[in-house]
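Student: Sharing a structure below in structure tokens format, with a few things to ask.
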Amino acid sequence: MIHITLPDGSIRTFDAPVTVADVALSIGAGLAKAALAGRVNGALVDTSFLITQDASLGIVTDKDADGLEVIRHSTAHLLAYAVKSLYPDAQVTIGPVIENGFYYDFAYKRPFTPDDLVAIEAKMAELAKKDEVVTCEVLDRDAAIVFFKDMGEDYKAELIGSIPAGEQISLYRQGDFIDLCRGPHVPSTGRLKVFKLMKLAGAYWRGDSNNEMLQRIYGTAWTKKEDQAAYLHMLEEAEKRDHRKLGKALDLFHMQDEAPGLVFWHAKGWTIWQEVEQYMRRVYRDNGYQEVKAPQILDRTLWEKTGHWENYKDNMFTTESENRSYALKPMNCPGHIQIYNMGLHSYRDLPLRFGEFGQCHRNETSGALHGIMRVRGFTQDDGHIFCTEDQIQAEVAQFHALTRKVYDDFGFTDVAIKLALRPENRIGSDEAWDKTENAMREAIRSAGVEWEELPGEGAFYGPKIEYHLKDSIGRSWQCGTMQVDAFMPERLGATYVDEHDQRKTPIMLHRAIVGSLERFIGILIENHAGAMPTWLAPVQVVLCNISQAQDEYVAQVAQELQKQGLRVQLDLRNEKITYKIREHSLQKPPYILVMGDKERDSKSVAVRARGNQDLGVMGLDAFIERILTEVKDRS
């Protein structure tokens, strides 16, 4: 007898081995029809998987995240099937699932074209309609190598050759197409109904620039048409909001080949920067942080002590002087420990909070660079809290409340919390990691929020809490972090005197709220489509005359607004007012004030708000009260 335990705790008993599909059918015909895969003892498997002993089982449908993963993986194989059907000489390589879709790399004698993509997508739809059964076959590794070589699929044969001898290799067949894959896959191609090919790109075989250049086809797949439509609409919006385009159009910043991965800030962009930095400086001041400044370059021996040299040296810029090796700091923490170490600290001094707008450099690969979102030189709102173990929970909870307040002020109210746990490449004992990870869990729990755990994604020195912000078009951005570190202070000799007059090593909490200012400003630009809220707008009010007769009054209004700390721009050109309004509207200022003889004589202004809103004529004092309230409330 075989006992199958279902997610609700109920048990079904079978006289003989049974497939996932059979169990689904025993529950109901509707579930059997909806089943895409199964989870047997936690492992994702095909519906044809044979269960031969007692097990737990969950039936995976398109309502599950795993179901969407299976659909996308199967659609990648459908793409390869279509390419081989249309272009038999093409060789298939790898085709993984990625966020929101999949890709597949091909070797072919000529470049694919956009017209080819149309033909391939049409072929995919044709093959899906055939509803061909997807089956799994198993071969020994050496037999699989011969099998694919005989098919002319040299890349697949090479992949299999890297698998240890004696391993069993699974192959998936649908119609005339067969491919190397671990699976699982949908039961038949007819389950693949909502997909679209997105773009072409180049990719080196196995990601090595010394290897052949392949052709990568990206696609997306969904369970519902409306979900795909929403995703495609989001991409259209993202294209309009691209911070690189808006940065140029709004004269905020630029980048150039002579300084790859580094930003040239223009006056308007630097104004936004300063508003963000000064806001965060007030957060430091009002929440018990001492602002400090550590050097940009530190001796290599210090980075060796911290473990950065061993774990991070490929991402560090280095230099030499007088037979000494140095590295530009990729992070600020070692410098803050040096500042901490300059004094003798008691447990009564803790927690001690340092903050720095620290400029860091990381040697990112050129392919990873992306506008101001991913750069080689960046500034963090970086802070480090030196505390005792008993203070971790309170400090993390306080940081959480502060972080949420900051995000609210910047207009982000949908925030997801994730806990990144120990990576494979790490320092410290498992016992120490157990302690710090549990401390983080308790701290998040005390804040009364839910979180998701990310195994293997912590820093090499400690676990971290990540704050993921959802923007106005539904994209998620990881910004803030809080990391517990029991190792680096010990390595660099940081101590405090406890209540028993014993020297102890403090815990160091690494924390950032907005993270990289460059990246955060890029997120703000895209979130607001360049139309920054009044308090952040580089130009808050544009003043326009109708004729030269109002020049003196416009200058007086500008002076009054500037006295209130507002950022203004005058346009006294001899141009039609409609032209001026249209031109300035493209720069997205919150307000344009128009002044003619009537406004001059009545000491008023005609107010146009962003979005082509005509607010009519109002007294200057009333307008000032309105805009100052917006700035104060950050609305």
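The values are calculated or read from the model by the stated rules, or taken from the named source; none is laboratory data. Please read these numbers as outputs of a predicted model, since none were measured by experiment. With ideal geometry, Cβ positions are generated from the backbone for all residues, glycine too; neighbour counts draw on all protein chains shown. Note: accessible area is taken over every heavy atom of the protein model, side chains too, but ligands, DNA and RNA are not part of it. Shrake-Rupley method; radii C 1.70, N 1.55, O 1.52, S 1.80 Å.
Student: Looking only at residues in the stretch 186-200 that are of a type in the set (A, V, I, L, M) and part of a strand (DSSP E or B), which one is nearest to A119 (Cα to Cα)?
Tutor: L197
Student: Give me a count of the residues in the stretch 461-512 that are surrounded by fewer than 18 Cβ atoms within 10 Å (Cβ to Cβ), among the hydroxyl-bearing types (S, T, Y) and within 30 Å of E239 (Cβ to Cβ).
Tutor: Residues that pass the stated criteria total 2.
Student: With respect to D140, is the statement that it is farther than 28 Å from D66 by Cβ and open to solvent by 40 Å² or more (accessible area, probe 1.4 Å) true?
Tutor: yes
Student: In the stretch 376-389, is there at least one residue being more than 24 Å from the chain's Cα centre (by Cα), open to solvent by 50 Å² or more (accessible area, probe 1.4 Å) and touching a residue at least 24 places away in the same chain (Cβ under 8 Å)?
Tutor: Of all residues in the stretch 376-389, those more than 24 Å from the chain's Cα centre (by Cα) come to 385-389.
Checking which are open to solvent by 50 Å² or more (accessible area, probe 1.4 Å) leaves us with 389.
Imposing the further condition that a residue be touching a residue at least 24 places away in the same chain (Cβ under 8 Å) reduces the set to 389.
Yes, because at least one residue in the stretch 376-389 is more than 24 Å from the chain's Cα centre (by Cα), open to solvent by 50 Å² or more (accessible area, probe 1.4 Å) and touching a residue at least 24 places away in the same chain (Cβ under 8 Å).
Student: Let me ask something else about it. Taking F112 as the residue in question, decide whether it is farther than 17 Å from H185 by Cβ and surrounded by 13 or more Cβ atoms within 10 Å (Cβ to Cβ).
Tutor: Working: farther than 17 Å from H185 by Cβ: yes; surrounded by 13 or more Cβ atoms within 10 Å (Cβ to Cβ): yes.
Spelling it out, F112 is indeed farther than 17 Å from H185 by Cβ and surrounded by 13 or more Cβ atoms within 10 Å (Cβ to Cβ).
Student: For the stretch 313-346, give me the residue count where each residue is surrounded by 18 or more Cβ atoms within 10 Å (Cβ to Cβ) and not in a loop (DSSP other than H, G, I, E, B).
Tutor: Total satisfying the criteria: 9.
Student: Using the structure shown, decide if Y591 is hydroxyl-bearing (S, T, Y) and surrounded by fewer than 19 Cβ atoms within 10 Å (Cβ to Cβ). Can you show your working first?
Tutor: Numbers: hydroxyl-bearing (S, T, Y): yes; surrounded by fewer than 19 Cβ atoms within 10 Å (Cβ to Cβ): no.
Considered against the rule, which asks whether it is hydroxyl-bearing (S, T, Y) and surrounded by fewer than 19 Cβ atoms within 10 Å (Cβ to Cβ), Y591 comes out as no.
Student: Now for a separate question. When you check I521 against the structure, is it part of a strand (DSSP E or B) and within 30 Å of E239 (Cα to Cα), yes or no?
Tutor: Criteria not met by I521.
Student: On to the next question. Inside the stretch 188-216, can you point out the residues that are modelled with pLDDT under 90, within 30 Å of D46 (Cα to Cα) and either open to solvent by less than 50 Å² (accessible area, probe 1.4 Å) or among the small types (G, A, S) (or both)?
Tutor: Residue satisfying the conditions is G207 alone.
Student: Inside the stretch 466-516, can you point out the residues that are in a loop (DSSP other than H, G, I, E, B) and either closer than 30 Å to D409 by Cα or in contact with an Asp or Glu (Cβ under 7 Å, 6 or more places away or on another chain) (or both)?
Tutor: D471, S472, I473, G474, R475, T505
Student: Still on this structure, I have one more. So which residues in the stretch 461-517 are on the phi > 0 side of the Ramachandran plot and touching a residue at least 60 places away in the same chain (Cβ under 8 Å)?
Tutor: G474, G493, G515
Student: Also: Considering G448, G456, G367, G371, which residue is open to solvent by 20 Å² or more (accessible area, probe 1.4 Å) and within 30 Å of A230 (Cβ to Cβ)?
Tutor: G367
Student: Could you check the stretch 248-267 and list, in sequence order, the residues that are more than 20 Å from Q359 (Cβ to Cβ) and either open to solvent by less than 50 Å² (accessible area, probe 1.4 Å) or in contact with a His (Cβ under 8 Å, 6 or more places away or on another chain) (or both)?
Tutor: Answer for the stretch 248-267, where residues must be more than 20 Å from Q359 (Cβ to Cβ) and either open to solvent by less than 50 Å² (accessible area, probe 1.4 Å) or in contact with a His (Cβ under 8 Å, 6 or more places away or on another chain) (or both): K248, L250, D251.
Student: Residue check, R600 against (1) under 28 Å from F410 (Cα atoms); (2) open to solvent by 60 Å² or more (accessible area, probe 1.4 Å); (3) part of a helix (DSSP H, G or I), all met but one. Which one?
Tutor: Going through the list (1) under 28 Å from F410 (Cα atoms); (2) open to solvent by 60 Å² or more (accessible area, probe 1.4 Å); (3) part of a helix (DSSP H, G or I), R600 breaks only (1).
Student: If you don't mind, another one. Taking L566 and the conditions (1) part of a loop (DSSP other than H, G, I, E, B); (2) surrounded by fewer than 22 Cβ atoms within 10 Å (Cβ to Cβ); (3) touching a Phe, Trp or Tyr at 6+ places or on another chain (Cβ under 9 Å), which numbered condition does it fall short on, given that it satisfies the others?
Tutor: L566 satisfies every listed condition except (3).
Student: Working only within the stretch 612-635, note down all residues that are among the small types (G, A, S) and without any contact (Cβ under 8 Å) to a residue 12 or more places away in the chain.
Tutor: Within the stretch 612-635, G616, A622 qualify.
Student: Look through K193, K149 and report the one residue that is touching a residue at least 24 places away in the same chain (Cβ under 8 Å), of a type in the set (K, R) and out of contact with any Pro (no Cβ under 8 Å at 6 or more places or on another chain).
Tutor: Working: K149 fails: touching a residue at least 24 places away in the same chain (Cβ under 8 Å).
Exactly one of K193, K149 is touching a residue at least 24 places away in the same chain (Cβ under 8 Å), of a type in the set (K, R) and out of contact with any Pro (no Cβ under 8 Å at 6 or more places or on another chain), namely K193.
Student: Now a separate question. Is there a residue being within 28 Å of A512 (Cα to Cα) and part of a loop (DSSP other than H, G, I, E, B) anywhere in the stretch 220-238? Working first, answer last.
Tutor: Filtering the stretch 220-238 for residues within 28 Å of A512 (Cα to Cα) gives 238.
Okay, now just the ones that are also part of a loop (DSSP other than H, G, I, E, B), so none.
No - not one qualifying residue is present in the stretch 220-238.
Student: Hey, can you tell me all the residues within the stretch 615-628 that are open to solvent by 70 Å² or more (accessible area, probe 1.4 Å) and in a helix (DSSP H, G or I)?
Tutor: Those that are open to solvent by 70 Å² or more (accessible area, probe 1.4 Å) and in a helix (DSSP H, G or I): D621, E625, R626.
Student: Test each condition in (1) surrounded by fewer than 19 Cβ atoms within 10 Å (Cβ to Cβ); (2) assigned to a loop (DSSP other than H, G, I, E, B) for G183 and report the one that comes out false.
Tutor: Condition not satisfied by G183: (1).
Student: Quick check on my filter: what residues within the stretch 279-310 are open to solvent by 30 Å² or more (accessible area, probe 1.4 Å), in a loop (DSSP other than H, G, I, E, B) and more than 22 Å from G377 (Cβ to Cβ)?
Tutor: The answer is N287, G288.
Student: Let me ask you something else. Which strands (runs of 3 or more DSSP E) does the stretch 88-177 wholly contain that include 3 or more residues that are of a type in the set (D, E, K, R)?
Tutor: none
Student: Of all residues in the stretch 569-584, count the ones that are over 17 Å from L252 (Cβ atoms), open to solvent by less than 70 Å² (accessible area, probe 1.4 Å) and either in a helix (DSSP H, G or I) or out of contact with any helix residue (DSSP H, G or I) (no Cβ under 8 Å at 6 or more places or on another chain) (or both).
Tutor: 4
Student: Considering each residue of the stretch 73-109, count those that are open to solvent by 20 Å² or more (accessible area, probe 1.4 Å) and closer than 18 Å to A122 by Cα, and give that number.
Tutor: 6
Student: Let me ask something else about it. Across the stretch 1-48, what is the number of residues that are within 23 Å of K224 (Cβ to Cβ), loosely packed, with under 14 Cβ neighbours inside 10 Å and among the charged types (D, E, K, R)?
Tutor: Here the count works out to 1.
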